[in-house]
2 protein chains.
Amino acid sequence: MAHFFVSQGRDDLPRWREAFSDARMCSAQQARAQAAYGDHVWVMSNIEGWTTLATTLSSRGAILVVLSYTPTSQEAFQALNAGARGYAHALSPAMLLQQIVVVTENQGIWLWPELLTQVVGSTFKALGGENALREDVLALLTGREKAVALAVASGKSNKEVARILDITDRTVKAHLGAVFRKLKVRDRMQLVLMLSQSESSLMDAD
Amino acid sequence: MAHFFVSQGRDDLPRWREAFSDARMCSAQQARAQAAYGDHVWVMSNIEGWTTLATTLSSRGAILVVLSYTPTSQEAFQALNAGARGYAHALSPAMLLQQIVVVTENQGIWLWPELLTQVVGSTFKALGGENALREDVLALLTGREKAVALAVASGKSNKEVARILDITDRTVKAHLGAVFRKLKVRDRMQLVLMLSQSESSLMDAD
DNA sequence: AGAAACATTGTACCGATGGACATGGCAACA
DNA sequence: TGTTGCCATGTCCATCGGTACAATGTTTCT
């Protein structure tokens with residue numbers, strides 16, 4: 001099975017050659033044209049439109065691994081969504097690249113270890129396994145705190161929440177403080193990221 | 001490396017022996033006592049308290065694979081959260097078990113194939129529509145605005161974004177103001193609600 | 001050459017936010 | 001009858017966030 005490396009610069013080719021003697025470097029167009037079922041395609045996440053390329057190639061049956069100079073759970077999530085079977089650091093040594101191939105060839109998924117737990121979490125969030133987790137965290141809150149948390153998570157300001165729940169904006173802050181402490185988040189942004197994608201209503205409101 | 005099978009009945013032992021001649025069947029207690037770093041531990045999801053067992057063993061460095069007679073995405077989620085590296089059907093043939101070992105030994109994750117297609121397939125379908133819309137709105141932004149918007153949408157503060165992009169926090173505000181105007185949102189909360197459905201990011205953490 | 005878009009930074013203002021500390025009412029429970 | 005937990009509210013204060021107005025430099029296109 002062939003190995004295609006889709007990248008911009010050519011700095012990395014030597015290391016890839018070291019890992020796979022038959023490694024070929026190519027553009028996105030070439031990969032699109034030549035990569036076939038069972039081939040390994042390594043795509044750098046800093047090239048333009050890597051997600052669409054990943055999607056088309058993986059749906060064709062190519063084994064796709066995304067490489068990133070700055071791995072993040074978000075990007076890993078995106079890579080998996082695009083059908084990638086692996087996500088690793090762009091500077092991974094040759095031995096690691098070979099190991100990744102062993103895994104992916106055997107129907108496995110390979111993730112940058114530092115991100116593993118996070119990605120597993122957020123990926124399954126998208127499937128609905130999230131609900132259990134979300135209900136769990138909400139279970140830590142009292143009724144009023146839950147109401148405030150959900151309202152805030154839908155984009156409302158403290159004042160708006162106060163008006164909706166018919167309490168003072170100061171009280172909203174008090175509940176919110178408790179929510180932050182219990183859920184271990186530092187501000188409303190983190191809260192929204194933790195509770196979003198559910199029935200949290202509309203963000204236009206008034 | 002040893003193979004421990006934690007199960008109730010002994011019906012499955014023959015198949016496991018076929019896959020791994022050194023397979024040992026044992027109770028949860030025995031596994032807890034004997035399994036060491038690098039050992040494979042196969043846990044049936046129908047035994048009492050399998051999640052806690054999985055957590056302790058995997059944190060000890062054992063390679064954990066959860067087997068289930070009725071695989072579901074929820075249970076897979078639980079298993080992976082408990083530190084399992086694999087999740088498969090309890091009746092998987094010997095060859096498949098060996099394949100799983102190849103994957104997990106190489107730091108990979110192995111998921112029940114039917115589940116995997118869900119991850120790659122249905123998630124994509126679910127996010128496909130939103131994704132197109134999201135790409136559309138992002139297309140309205142300049143490169144720098146996009147970077148700022150995505151960083152902010154991932155929960156970063158202005159100061160953090162400034163540090164990451166190596167610009168002043170004032171400049172971040174400037175770009176962010178443009179983003180708000182172009183996307184017609186009134187603050188970062190609305191932005192996160194607009195972009196958090198399908199993540200994407202090029203930025204790194206601290 | 002000049003316009004237009006982009007990126008960067010500045011000052012200044014003001015509202016929103018979050019934490020610390022304190023008070024009071026109300027219910028359940030030992 | 002205390003104690004405990006939840007709800008509501010208050011003041012004070014440091015910081016963050018968003019906007020308005022202004023300026024400088026770089027591309028890019030006309």
>> Using a Debye calculation, one point per C-alpha and no hydration shell, please list log10 I(q)/I(0) for the stretch A:129-195 at q = 0.17, 0.20 Å⁻¹ in order.
In response: -0.52, -0.72
> trypsin sites (Lys or Arg not before Pro) within the stretch B:1-76: which are DSSP loop residues with at most 16 other Cβ atoms inside 10 Å?
Replying inline: B:Arg10, B:Arg60
>> Which three extents, in angstrom, do the Cα atoms of the stretch B:1-119 have along their principal axes, listed largest first?
In response: 35, 28, 28
> So, with +1 on the Cβ of K and R and -1 on the Cβ of D and E, and no other charges, what is the size of the charge dipole of the stretch B:3-111 about its Cα centre, to the nearest 20 debye?
Replying inline: 140
>> As a quick test, which of the pairs A:Lys146/B:Lys182; A:Lys156/A:Lys182; A:Lys182/B:Lys156; A:Lys184/B:Lys173; A:Lys184/B:Lys182; B:Lys159/B:Lys184 have an alpha carbon distance above 29 angstrom in this structure?
In response: A:Lys146/B:Lys182; A:Lys184/B:Lys182
> For the stretch A:129-195, which whole-number percentage of the solvent-accessible area (1.4 Å probe, protein heavy atoms only) is attributable to carbon and sulfur atoms?
Replying inline: 55
>> Can you give the FRET efficiency to the nearest 0.05 for B:Ala36 and A:Glu18, using r as the Cβ-Cβ distance and R₀ = 41 Å?
In response: 0.75
>> Taking each residue in B:179-187, count the Cβ atoms of any other chain within 10 Å of its Cβ, then average. What number comes out?
In response: 1
>> Let me check something: with ligands and nucleic acids excluded, how do B:Ser59, B:Ser68 order by accessible area (1.4 Å probe), largest to smallest?
In response: B:Ser59, B:Ser68
> Nm distances between the label at A:Ser157 and the same-position labels in the remaining copies, 7 Å along Cα→Cβ, shortest first?
Replying inline: 2.0
>> Am I reading the A/B interface right? What is its buried accessible area, both sides, 1.4 Å probe, to the nearest 100 Å²?
In response: 4100
> Which whole-number value in Å² is the accessible area per residue of the stretch B:3-111, probe 1.4 Å?
Replying inline: 42
> Copy-to-copy spacing for B:Thr171, label 7 Å out on the Cα-to-C-beta vector, in nm, shortest first?
Replying inline: 4.6
> Shielding of A:75-83 by partners, i.e. mean partner chain Cβ atoms within 10 Å per residue?
Replying inline: 5
> Which percent of the accessible heavy-atom area of the stretch A:31-83 goes to carbon and sulfur, probe 1.4 angstrom?
Replying inline: 53
> Which distances in nm, rounded to one decimal and ordered from shortest, link the label point of B:Ser27 to the equivalent label points in the other identical copies, with labels set 7 Å from Cα toward Cβ?
Replying inline: 6.7
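The values are calculated or read from the model by the stated rules, or taken from the named source; none is laboratory data. On a predicted model such as this, the values are computed, not experimentally measured, just so you know. Positions of Cβ are backbone-derived with ideal geometry, glycine not excepted, and every protein chain shown enters the neighbour counts. Areas reflect the complete protein model, heavy atoms only, side chains present, ligands, DNA and RNA absent. Shrake-Rupley method; radii C 1.70, N 1.55, O 1.52, S 1.80 Å.
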